[in-house]
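Engineer: Before anything else, here's the structure in question.
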Amino acid sequence: MPPASMRNLKRYRPVAIVLVAALLLLLTARMTASPDRQVSWLERSVSEAVYPFQVVADWLTGGLRGVGAGTAELFHLSRDNVQLRAEAKQIPQLQSRVAELEAENTDLRKKVGLPASTADKLVAAQVIGRYPESWFNTIIISRGSSDGIGVNMAVQDERGLVGKVVRVSAHSAVVQLLIEPTNPRELGVTGSGSGIGAMDQTTREPGLVFGLGDRQRLKLTFFNRDAKVEVGDPVVTSYLSVDIPGGLAIGKVESVGSEQNNLVRVATVVPSVDFNHLEYVFVNLSKGSTGGSRP
Amino acid sequence: MRYWALAGILLIAFVLQTTLAHAMGISGVAPDLLLCVVVSFGLLFGWEVGAISGAVAGLLFDLQWMRYIGLHALALGVVGMVAGLSERHVFKENLLLPVLAGAVGNLIAKSIGLLLLLAFAKPIWVVYQQSLLISTVYNAVLCLIIYRWIYRRYEYLRPSVRTNSLPHERS
């Protein structure tokens, strides 16, 4: 018969294993919390293994969504037709105005010695996965480092800025949406979160946009506490941002207020992108890091 | 125990969770298929199977999203273990069992996630409050469906129990 100490050891062995495993998982979670770390081969392998299933599943659900949306749209066809015809009449006038402004811009840039602005390089990608928990607002897109995608590249759709690339594998990439809630204290420390350089397009007041976890609202904190901002002002990305190209639409100011004993001017912004219905996006290759050095 | 069959079920749930779950969401809250499978495994096969399947499924999920690796593994591992600890004390045929276990499991998993993410300075308190009720009800109902599906295959999955009766019929 084994001694009492041996019996106790056997009895508490499962508890010890569970505790050690929990401790290890806590440690790995802490170690992998930072977005500025190397992605391991294991993560890349799992991501690559799931990729074909994601493409097939997206194709299947896309078909179902298409049938549902198509049926619903039948009821609005007549109204949409009238509206679109009215809008289409304005297109030639807008086109000539844009051409005029472009020519004027090029001319002025030449006169002040600035290089001519170039069109952004965009790569279209399909949204093939979305983080199922509400904890994180991230999506997976069908393009990866083999398509030239790199971390911190801006992701946009036809309405404006969607977010930025945070992880890349060979054929897919994880994109953190603009609405991801951010702890402002994190900024500059770990570089995580969705704090993105922005400005009021009307008054050119610069600030930082933060996600609140709400798909309908963003928070814009201005650097100037006396910033003059009006409800309805368009908000775009700042030209000073290292990773995000300037001038991309973010949303419109819904309300203006102050925080921290009137020391900080803030605004609530309604995003221009519909984050509930993202199907196709474009990755802007103009900025961010290319290739897979830090995938 | 036919471990390969359990692993197969877990793998299918993982693929469905990462691909289709979001499309099945209600008010932006997606169902947690992995949680339901892990809870069912725990209730039917005990705490070891529950804890290990939860940890493995959570780890796969974390690896796929490439951040906070261990977060879901810990949450689902604990849920599987808690469900499994009650295995010998519950009446497995009872329809309320998976519903209750699903709801409690969801609360435990989400609370562990909340605590860990708050500890990592991730502000998700508002999201937690907004999604908790919907996710608890949704996962409780889903757990009932998944549990019943696995329960009907109990004899196949656990052939080492040489009996023609279902677990509740044995003394």
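The values are calculated or read from the model by the stated rules, or taken from the named source; none is laboratory data. Predicted model, so just to flag it, every value in this text is computed and none were measured. Neighbour counts run over all protein chains shown; Cβ positions are idealised from the backbone, glycine included. Ligands, DNA and RNA are stripped out before the accessible areas are found, and what is left, the full protein with its side chains, is counted by its heavy atoms. Shrake-Rupley method; radii C 1.70, N 1.55, O 1.52, S 1.80 Å.
Engineer: For a 31 Å ceiling on Cα separation, which of these pairs sit above it: A:Lys287/B:Lys110; A:Lys164/A:Lys252; A:Lys252/A:Lys287?
Structural biologist: Exceeds cut-off: A:Lys287/B:Lys110.
Engineer: Any idea how far apart A:Leu19 and A:Lys121 come out in nm if each label point goes 7 Å out from Cα toward Cβ?
Structural biologist: 5.5
Engineer: Comparing the chain by itself with all protein chains present, which residues of segment A:103-133 are at least 30 Å² less accessible (probe 1.4 Å)?
Structural biologist: The answer is A:Arg130, A:Tyr131, A:Pro132, A:Glu133 - residues whose exposure falls by at least 30 Å² when every protein chain is included.
Engineer: Which helices, counted as full DSSP H runs in chain A, have an axial Cα extent of no less than 30 Å and a Kyte-Doolittle average of -0.5 or above? Show your work: numbers first, answer last.
Structural biologist: On the way: long enough: A:4-31 (39 Å, 0.95); A:41-74 (48 Å, 0.29); A:77-112 (50 Å, -0.90).
Taking the DSSP H segments of chain A (at least 30 Å long, mean hydropathy at least -0.5), we get A:4-31, A:41-74.
Engineer: Now for a separate question. Within 10 Å of each Cβ of B:123-134, how many other protein chain Cβ atoms are there on average?
Structural biologist: Whole-number average of other-chain Cβ neighbours for B:123-134 is 4.
Engineer: So for the protein assembly as shown, considering every pair of alpha-carbon atoms, how many percent are separated by more than 39 Å?
Structural biologist: When every Cα pair of the protein assembly as shown is considered, 31 percent fall beyond 39 Å.
Engineer: Give the B-A buried accessible area in Å², both sides summed, 1.4 Å probe, nearest 100.
Structural biologist: 4000
Engineer: As a test of the definition: which semi-axes, in Å, follow for segment B:1-52 when you take the square root of five times each eigenvalue of its alpha carbon gyration tensor? Largest first, please.
Structural biologist: Result for segment B:1-52: semi-axes of 24, 12, 6 Å.
Engineer: So how strong a dipole does chain A carry about its Cα centre when Lys and Arg Cβ are +1 and Asp and Glu Cβ are -1, to the nearest 20 debye?
Structural biologist: Result for chain A is approximately 1160 debye, rounded to the nearest 20.
Engineer: Considering only DSSP states other than H, G, I, E and B, which chymotrypsin sites (Phe, Trp or Tyr not before Pro) in segment B:1-100 qualify as loop sites with at most 10 other Cβ atoms within 10 Å?
Structural biologist: Here the chymotrypsin sites (Phe, Trp or Tyr not before Pro) that fit, given the DSSP loop and packing criteria, are B:Phe91.
Engineer: Normalised by the number of residues in chain A, what is the relative contact order in percent for Cα pairs under 8 Å and 6+ residues apart?
Structural biologist: Relative contact order for chain A comes out at 18 percent.
Engineer: Next question. Can you give the calculated 222 nm mean residue ellipticity of chain B, where each DSSP H run of n ≥ 4 adds -39,500 (n - 2.57) and the sum is split over every residue, rounded to the nearest 500 deg cm²/dmol?
Structural biologist: On the way: 7 runs with 119 residues, N = 171.
Only helices count here, giving -23500 deg cm²/dmol.
Engineer: With the crude spin-label approximation of a point 7 Å out along Cα→Cβ, what separation in nm comes out for A:Leu60 versus B:Gln129?
Structural biologist: For the pair A:Leu60/B:Gln129, the computed spacing is 3.8 nm.
Engineer: On the accessible surface of segment B:1-110, probed at 1.4 Å, how many percent belong to carbon and sulfur atoms?
Structural biologist: Ligands and nucleic acids excluded, carbon and sulfur reach 74 percent.
Engineer: Given a 1.4 Å probe and the protein chains all in place, what does the accessible area of A:Asp147 round to, in Å² to the nearest 10?
Structural biologist: The accessible area of A:Asp147 comes to roughly 50 Å².
Engineer: Right, next: How much of the accessible area of chain A, probe 1.4 Å, is carbon plus sulfur, in whole percent?
Structural biologist: Carbon and sulfur: 60 percent of the exposed surface of chain A.
Engineer: Averaged per residue, what accessible surface does segment B:1-160 expose to a 1.4 Å probe, in Å²?
Structural biologist: Solvent-accessible surface per residue comes out at 39 Å².
Engineer: Continuing with this model, one more query. Take segment B:6-154, compute every pairwise Cα distance, and split them into 10 Å bins from 0; I just need the percent in each bin.
Structural biologist: 13, 45, 35, 7, 0
Engineer: Just grab the label-to-label distance for B:Ile26 and A:Arg97, each label 7 Å out from Cα along the Cβ direction, in nm (one decimal).
Structural biologist: That separation, rounded to one decimal, is 4.7 nm.
Engineer: Across peptide A:23-31, how many C-beta atoms of other chains are within 10 Å of each residue C-beta, on average?
Structural biologist: That works out to 6 on average.
Engineer: Within 10 Å of each Cβ of A:11-21, how many other protein chain Cβ atoms are there on average?
Structural biologist: That works out to 2 on average.
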